[in-house]
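The next block holds one structure in the form of structure tokens; read it before the comments.
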Amino acid sequence: MSILKKFFKDTVIYGIASITPRLVSFVLVPIHTSSLNTALYSINTNYYVYAVFLNALLTMGMETAFFRFFSSEKEPKNVLSTSFLLLCFSSVLFLGLGLIFEQKLSDFFGFGDSFIIRLLVLTIFFDTLVVIPFAYLRATGKSMVFAGFKILSVLITLILNIYLLIILPQSGNSLRLFSGIFNSVAEVTDIFVANAFASFIILIAFIPFIKNINISIDRGLLKKMVAYGFPIMVAGLAYAINENLDKLFISRILGDDVNGMYAGCYKLGVFMSLYVMAFRLGAEPFFFNLYGTDGAERIYSKILTWFVIFASLCMVVVTLFIDVFADILLKQNSYKQALDIVPFILLANIFLGIYNNLSIWYKLKDKTRVGMFISVVGAVITILMLTFTVPVFGYIGAAYTTLVVYAGMAISSFFMGKRYYPIPYDTGKISLLLLSATIMSFTSFHFFRGHHTTNFLLLCGFIVIVLWSEKDIFLKRVDIAHK
């Protein structure tokens with residue numbers, strides 16, 4: 001099997017595994033938007049926003065550090081035990097502090113009842129403990145096991161959501177799981193319970209593996225991993241700001257109803273985020289393993305081009321037929337008032353995926369502080385732009401902010417990478433694809449929305465552009481066939 005074929009095979013497997021949590025979000029959106037009004041959906045959104053921040057803080061960049069040192073250290077078992085025990089310590093400390101100060105945290109986060117914070121703390125605790133075991137499965141090529149655990153978690157979450165939000169209410173049983181405690185927010189609390197239970201089951205499933213991890217810490221290795229992972233952690237927190245702070249701003253400034261509407265339409269970007277995540281999970285270990293081999297830079301370049309091809313196609317399809325996708329996901333018309341953010345969010349996610357591909361240079365060259373700098377600057381710009389745009393332009397200002405920040409990060413990483421690790425990216429082809437996809441998407445949304453025949457012709461036109469951009473590959477295949 002060729003290197004590229006192996007890459008695409010792993011990408012498909014890891015994609016299926018890692019897409020499943022996002023895919024369950026896709027499946028659950030119509031369930032949640034039919035069960036929750038926009039205000040409750042805002043609570044649901046903010047809960048997971050805080051979870052992203054806490055995950056980035058507690059994992060301390062150890063997942064990427066694990067990949068970096070597991071493939072280079074003479075004793076990979078030391079990497080496993082050291083990183084796992086470090087996250088054990090951080091998660092146990094977090095659990096204790098979270099339970100002690102749960103009421104104060106609940107007031108600060110605006111959830112009202114401390115039980116929601118208790119669920120959040122427990123879920124983060126369970127998820128942190130399995131970060132390194134999951135990374136080990138990826139690093140050792142056990143993609144099918146990795147996929148199995150991820151899919152199990154998704155199935156549990158999905159089944160519990162369907163039972164608690166659909167089956168139980170339709171059964172005529174008025175006693176909801178936590179209705180006696182939470183009254184008006186019972187439905188959204190049930191969502192958090194389902195997620196916490198799924199995380200707990202996955203931790204239990206990993207116990208046989210965890211029991212075989214040596215209880216030892218290599219202090220020298222620990223220092224190196226923390227030094228390597230700290231910038232990754234800061235970059236992760238900055239990413240959380242760039243990706244999620246808009247919801248908190250909208251909730252505080254414009255109210256929960258507007259935030260719920262915005263968050264619901266933001267979910268239409270799930271198609272792109274699924275693709276970006278799958279690509280990143282398949283690419284990261286592959287890029288590390290490929291580094292230093294003949295032709296590595298050429299392969300890195302080709303992978304980015306193909307990423308942009310499929311990402312641009314995804315953007316065009318979703319935007320051209322946006323009302324069809326909106327009807328599938330958003331079950332109450334009150335959510336659909338913010339559909340004008342979707343083209344911006346899709347394009348922003350393409351730039352995020354490009355940035356993820358470009359960022360390999362600073363990970364390979366141990367220049368993670370550069371990545372931290374780019375992300376932190378992006379986070380600062382996010383905060384400043386949100387402070388200005390949301391009060392002035394409303395929720396659409398948050399979409400503008402997301403696009404500007406991710407585009408800026410990708411462009412900055414590209415020019416800085418040319419200095420430290422030059423890769424011959426096909427910038428002309430990539431620019432053509434992005435420009436074509438953007439023009440077609442915004443033209444369709446503003447002038448031909450709902451005209452399916454016209455939009456289908458636009459889609460065909462974009463496919464022709466893609467085929468023309470890759471004409472060299474097809475011509476080579478024709479020559480080979482004739483020979």
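The values are calculated or read from the model by the stated rules, or taken from the named source; none is laboratory data. The shown structure was predicted, so the numbers you read here are calculated from the model rather than taken from an experiment. Heads up, the Cβs are rebuilt from the backbone with ideal geometry, glycines too, and the neighbour counts pull from every protein chain shown. Only protein heavy atoms, including side chains, enter the accessible area calculation; ligands, DNA and RNA are left aside. Shrake-Rupley method; radii C 1.70, N 1.55, O 1.52, S 1.80 Å.
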Quick calc, ILE217 & SER34: beta-carbon distance into FRET formula, R0 45 Å, rounding 0.05, result 0.35
So what's the chain giving for Rg/Rh, alpha carbon basis, Kirkwood Rh from the mean inverse pair distance?
0.96
In sequence order, calculated HN-Hα J values of the range 97-111 (Karplus, 6.51, -1.76, 1.60; Hz; x Gly/Pro)
5, x, 6, 5, 10, 4, 5, 5, 5, 5, 5, 5, 7, x, 8
Tabulate in residue order the Karplus-calculated ³J(HN,Hα) for the range 448-457, using 6.51 cos²θ - 1.76 cosθ + 1.60 with θ = phi - 60°, rounded to whole Hz; enter x for Gly and Pro.
10, 5, x, 8, 5, 5, 4, 5, 5, 5
Only helices counted: for the chain, with every DSSP H run of 4 or more residues adding -39500 (n - 2.57) and the sum spread over all residues, [θ] at 222 nm is -27500 deg cm²/dmol
Which of TYR266, VAL92, THR453 sits closest to the plus end of the dipole of the chain, meaning its Cα is farthest towards the positive end, when Lys and Arg get +1 and Asp and Glu get -1 on the C-beta?
VAL92
Say the dipole of the chain comes from +1 at the beta carbon of Lys and Arg and -1 at that of Asp and Glu; which of TRP361, VAL131, SER441 then lies farthest toward its positive end?
TRP361
Using protein chains only and a probe of 1.4 angstrom, how many square angstrom of TRP361 are accessible, to the nearest 10?
10 Å²
Could you give me the ³J(HN,Hα) list for the range 348-362, computed from phi with Karplus coefficients 6.51, -1.76, 1.60 and θ = phi - 60°, whole Hz, x at Gly and Pro?
4, 5, 4, 5, 5, x, 4, 4, 4, 5, 5, 5, 4, 5, 7
Determine the shape class of the range 338-483: with a ≥ b ≥ c the square roots of the Cα gyration tensor eigenvalues, call it rounded for a/c under 1.5, and otherwise prolate if a/b is greater than b/c, oblate otherwise.
oblate
Using 5 Å bins from zero, what percent of all Cα-Cα pairs in the range 313-424 falls into each bin?
2, 11, 18, 17, 16, 14, 11, 7, 4, 1, 0
The range 407-475: spread of alpha-carbon positions along the three principal axes, whole Å, largest first, is 48, 35, 10
The set of residues whose placed amide H lies less than 5 Å from the amide H of ASP218, leaving out same-chain residues fewer than 5 positions away, is THR82
